[in-house]
Amino acid sequence: MMVGPDLSAIDAAAAQVRDHIIRTPVLPLTHALWSDVLPPSAGVTLKLELFQQTGSFKARGAYLGIAALNAAQRAAGVVAASGGNHAMAVAWAAKASGVAALITMPRAVDPARIAGCKALGATVMLYDTMADAFAAMNAAAEEGRVMIHPFEGAYMTLGAATLGAEYLAQTPDIDVFVVPVGGGGLIGGMACAIKQLAPHAKVIGVEPFGADSMSRSFAADRPVRLDRVDTIADSLGAPMAMPHSFAVAKAHVDRIVKIADDDMRQAMGLYQDKLRITAEPACAASLAAVLGPLRDELDGQQVGIIACGSNIGLARYHEIMRQQ
């Protein structure tokens, strides 16, 4: 039995979003400036999903989820809890569909992300912690709004699957895809598409040591909740795995490696120095894994990595980089 969307569903979703999202470019990292840092003899290709609507892959699933609402649900509006990328994607998709959006966020998130949501017409409510923001989302859903969960749900998986299929169509010779893991929606959807289209290709996830709920869930063979999240990568800081996204990821992902916050800082610096990209930590996670725990294994292979999103203000960026 297929776990996750099959190819016909992925194709239909891709057709549905085609006129609304951006077919983001891929960039072979073949410039001489990269030769001293990448694994020897590896061909590394970067998909620039940070150029997507609202700056992250989340736009795909958010659009699909809101487009599927019936008239009564549209009238009730939607609610989403997020530290940034998902929030902005939901705000954009809601505005594009003429639906009112309520976004619940922790007070400590990057102010640029709060401003971005408000600029897109969403109502933003701030809470002391992410747990409080999720509780507020759940309460709003109980009162009638439609919840657009940041990673748990068929449409978020399906949106990520369109990304996996698109990447493979652009670079069909990739042997290994290296994908960041937060709640698991991105890697599960991408892997679901990749494994159907190119069964030989490996899909390896990347988690911060301080936010490793999916690694622990894989080991336990069930969704696991963390007691504490401690990482600079707030976009990867899901405190738990959940049943749907866990099941899809477990069915299609080969394995997960872990990286330190300093690994992401190093990769953020390389993106800035070599590509002039101001990357948030999650955006740099794939590159960090290729330069670190996967370096020897990837020698001589064709590798696909992803810059999954980059909604970070300069003040927050410099704050993170000063912490080295």
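Since every read-out is calculated from the coordinates, none of them should be taken as a lab result. Predicted, not measured: the structure shown is a model, and the values here were computed from it. Glycine also receives a Cβ, built like all others from the backbone with ideal geometry; neighbour counts cover every protein chain displayed.
When 80, 62, 42, 13 are checked against the criterion of being touching a Leu at 6+ places or on another chain (Cβ under 6 Å), under 18 Å from residue 154 (Cβ atoms), in contact (Cβ under 8 Å) with a residue 60 or more places away in the chain and buried (at least 19 other Cβ atoms within 10 Å of the Cβ), a single residue qualifies: 13.
Applying the condition of being of a type in the set (Lys, Arg) and in contact with a Phe, Trp or Tyr (Cβ under 8 Å, 6 or more places away or on another chain) to region 256-295 and asking which residue is surrounded by the most Cβ atoms within 10 Å (Cβ to Cβ) yields 258. If you go through region 247-286 and keep only what is farther than 25 Å from residue 158 by Cα and among the polar types (S, T, N, Q), you end up with 266, 272, 278. Looking only at residues in region 131-148 that are out of contact with any helix residue (DSSP H, G or I) (no Cβ under 8 Å at 6 or more places or on another chain) and not aliphatic (A, V, I, L, M), the one that is nearest to residue 108 (Cα to Cα) is 132. There is at least one residue in region 115-134 that is under 22 Å from residue 283 (Cα atoms), out of contact with any strand residue (DSSP E or B) (no Cβ under 8 Å at 6 or more places or on another chain) and crowded, with 19+ Cβ neighbours inside 10 Å. When residue 219 is tested against the conditions (1) on the phi < 0 side of the Ramachandran plot; (2) assigned to a loop (DSSP other than H, G, I, E, B), the lone failure is (2).
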